[in-house]
Amino acid sequence: MTPLIKIRDLHFYRGDKAIFDGIDIDIYRGKVTAIMGPSGTGKTTLLKLIGGQLRPQRGSIVIDGEDVHKLSRKALYALRKRMGMLFQSGALLTDINVFENVAFPLYEHTDLPESMIRDLVLMKLQAVGLRNARDMMPAQLSGGMARRVALARAMALDPMMIMYDEPFTGQDPISMGTLVNLIRRVNDAMGLTSIVVSHDVDETMQIADDIYLLSGGKVIDQGTPEQLQKSGSDWVGQFLQGLPDGPVPFHYPGTEFADDLLAGEEHR
Amino acid sequence: MIDFIRMLGRWALGTLERLGRATLLLVQIITGIPELMMRFSLVVQQLFYVGVLSILIIVVSGLFVGMVLGLQGYNTLVDFGAEESLGVLVSLSLVRELGPVVSALLFAGRAGSALTAEVGLMKSTEQLSGMEMMAVDPVRRVIAPRFLAGLISMPLLAAMFSAVGILGAFLVGHGLLGVDEGAFWSQMQAKTDWYDDILNGVIKSIVFGFVVTWIALFEGYDSVPTSEGVGRSTTRTVVHSAFAILGLDFVLTALMFGE
């Protein structure tokens with residue numbers, strides 16, 4: 001089976017700092033693939049690279065046979081119509097209500113009659129359980145509701161894949177459970193391919209088919225949740241169990257504490 | 001010394017880079033305008049926010065500026081027995097200078113700052129990024145309609161400012177100080193030239209509208225996406241707009257009225 005998304009030898013730098021230092025990732029059709037890693041490993045950056053919003057210094061990202069960074073602007077926009085992305089904040093347009101937010105991509109990209117757009121929007125909102133919240137403004141929604149609306153919007157054009165940027169961060173247990181469930185259900189019901197970027201271990205392990213662990217610009221480990229749990233690596237163990245100290249030290253690297261204390265007042 | 005030169009160099013390079021980005025944005029906006037004609041409702045919506053909502057401040061300020069001009073002008077002219085010329089004085093000052101300049105300054109404060117803050121916040125809340133990922137170009141969908149709305153509103157607001165200002169001067173001149181009504185209007189009609197005065201004033205206000213809206217939208221679009229960054233950009237919009245308006249006013253006046 002050929003993967004839907006093939007990332008090869010990806011290098012990306014911010015200034016002198018390497019965010020990605022040659023990573024290879026395969027994302028297969030119909031599966032939920034999770035990209036995990038500590039904060040600041042560039043997980044969101046990876047999604048932006050896949051969406052063509054950022055350009056890598058080296059390497060390629062091929063989606064459904066098309067190299068994202070070699071496409072013309074027009075072709076890139078055509079490809080984006082087939083991708084949905086769920087931002088961490090939801091990124092809903094704040095000056096229009098829930099219904100209009102979900103209808104936005106339909107109005108922008110199709111000439112469907114008003115009645116059909118209404119039906120489509122209500123269907124998508126029904127799928128995320130917010131049909132009756134359609135007249136609310138984004139500011140009135142809770143964080144979890146905003147993400148569900150954003151999911152409805154991402155599904156509006158029936159994309160082939162949806163990317164989720166930290167979907168579980170800052171959610172209460174109920175909306176967390178709802179989102180976990182929705183991501184899996186939507187993926188299976190619509191025959192999508194999903195990429196979930198997250199550092200919430202338990203939730204992600206529940207729904208992911210494949211997991212890639214990133215750290216320090218490299219893929220540290222990959223496999224199914226079961227394979228990772230059995231992994232012998234100290235780093236993987238520390239990350240999955242959330243231990244405060246281990247290969248990733250508790251203290252930010254630098255001078256020794258004793259040296260600092262003895263250095264006196266002149267060195268702050 | 002070396003540090004100073006280095007700082008100067010960095011500053012110059014930074015400024016040049018921003019200027020380049022601003023120009024690129026302008027090119028993108030302008031190439032997006034033909035497409036916008038098909039969806040003019042987007043512009044109409046922005047005309048309301050940018051133009052209509054600025055009318056109150058423009059009208060009130062225009063009235064007071066006109067009234068002050070009427071008072072001051074009368075006091076100067078009456079010494080020479082020329083108070084009948086109050087209408088000319090007021091109309092020329094307003095139509096040539098004060099109308100375009102003061103209304104542009106007010107426009108930068110009222111509409112320009114609002115545009116920067118709005119676009120900056122859309123950027124910091126990832127709304128612009130979200131649009132891009134929905135295959136909608138934010139420059140065409142968000143920036144271009146606002147630009148066109150600013151460009152259309154500014155001359156209309158300046159015209160309103162001048163008209164209300166002349167009315168204010170008339171109220172003070174005729175109602176309070178007793179200048180002859182016929183002389184006030186007829187001298188104004190005779191001495192205010194359509195081409196030299198009114199059209200030049202309109203050209204000025206179009207240029208100011210272009211520059212202010214461009215600065216405001218660029219500052220918003222280019223802002224650092226944090227609350228502090230958006231705050232700074234909003235301040236910069238007002239300050240840079242004021243400099244640009246006053247500087248360009250001198251250049252335009254020299255070109256139009258300097259022999």
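Some notes on this structure:
- Complete set of residues in region A:212-245 that are surrounded by fewer than 15 Cβ atoms within 10 Å (Cβ to Cβ) and assigned to a helix (DSSP H, G or I): A:GLU226, A:GLN227, A:GLN229, A:ASP234, A:GLN241
- A:SER142 surrounded by fewer than 13 Cβ atoms within 10 Å (Cβ to Cβ), away from chain B (no Cβ under 14 Å), within 30 Å of A:PRO173 (Cβ to Cβ) and out of contact with any His (no Cβ under 8 Å at 6 or more places or on another chain): yes
- Selection count where residues are over 20 Å from A:ILE117 (Cα atoms), surrounded by 21 or more Cβ atoms within 10 Å (Cβ to Cβ) and among the β-branched types (Val, Ile, Thr), scope region A:62-105: 2
- Residue identified as part of a helix (DSSP H, G or I), under 16 Å from the mean Cα position of the chain (by Cα) and within 21 Å of B:ASP137 (Cα to Cα) among A:ALA103, A:ALA154: A:ALA154
- Residue match in region A:246-266 (condition: under 23 Å from A:PHE20 (Cα atoms), in a strand (DSSP E or B) and either in contact with a Pro (Cβ under 6 Å, 6 or more places away or on another chain) or modelled with pLDDT of 75 or more (or both)): no
- Failed item, numbered, when B:LEU199 is tested on (1) out of contact with any helix residue (DSSP H, G or I) (no Cβ under 9 Å at 6 or more places or on another chain); (2) within 21 Å of B:ALA144 (Cβ to Cβ): (2)
- The listed residue being within 14 Å of chain A (Cβ to nearest Cβ), crowded, with 23+ Cβ neighbours inside 10 Å and not charged (D, E, K, R), out of B:GLY112, B:GLY66, B:GLY73, B:GLY130: B:GLY130
- Qualifying positions in region A:195-222 - out of contact with any Leu (no Cβ under 9 Å at 6 or more places or on another chain) and farther than 25 Å from A:GLY170 by Cα: A:GLY217, A:LYS218
The values are calculated or read from the model by the stated rules, or taken from the named source; none is laboratory data. What you are looking at is a predicted structure, and each value in this text was computed from that prediction instead of being measured. Please note: Cβ atoms are built from the backbone with ideal geometry, for glycine as well, and neighbour counts cover all protein chains shown.
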